[in-house]
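The values are calculated or read from the model by the stated rules, or taken from the named source; none is laboratory data. Source: prediction; values computed, not measured. Cβ placement follows ideal geometry from the backbone for every residue including glycine, while neighbour counts extend to all protein chains displayed.
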Amino acid sequence: MARAANLVFIGETAVGKTGLATGILIKALENGYRGLFVKAQDLFDEMLRQLADRSSRRLVNRLLRIDVLLIDELGYLNLRPEQYTIFFNLCLTNVRTKWLNQTLHHSADAGTRERETRLRNEH
């Protein structure tokens, strides 16, 4: 935690990615950090809802108060193109601010590499 790094766990299903990340999150909470565990689909859906009702700044402000953000199951997403854009814009905004000092985790299946390649080619 003291070093503040972004972590990404990639591997086959049921190898312990979520368990490992949850252990890190629990340790952070025990040491006084604020943390949040969220499934990626839920986060992306919330971002889209808040964009629709023009309250996305509230979500960004809420996430900026989090010291350790654990985003789980990025490998199982069913997203609309604008949801990718919202997420990457949120990340770019926050890389310049507090998220530079946070831990980002995502748990992904082996198919994620293909989706990551597709995302890079689309954006």
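Restricting to region 49-60, give me the number of residues that are of a type in the set (G, A, S), in a helix (DSSP H, G or I) and surrounded by fewer than 16 Cβ atoms within 10 Å (Cβ to Cβ).
Here the count works out to 1.
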Count - residues of region 1-48 that are surrounded by 14 or more Cβ atoms within 10 Å (Cβ to Cβ), without any contact (Cβ under 8 Å) to a residue 60 or more places away in the chain and not aliphatic (A, V, I, L, M): 9
Any hit, region 21-38, residues being within 15 Å of the chain's Cα centre (by Cα) and modelled with pLDDT under 85: no
Subset tally (residues that are part of a strand (DSSP E or B) and farther than 21 Å from F9 by Cα) for region 39-48: 0
Lone qualifier among L63, L36, L25, L70 - being assigned to a helix (DSSP H, G or I) and either in contact with an Asp or Glu (Cβ under 8 Å, 6 or more places away or on another chain) or more than 16 Å from N89 (Cα to Cα) (or both): L25
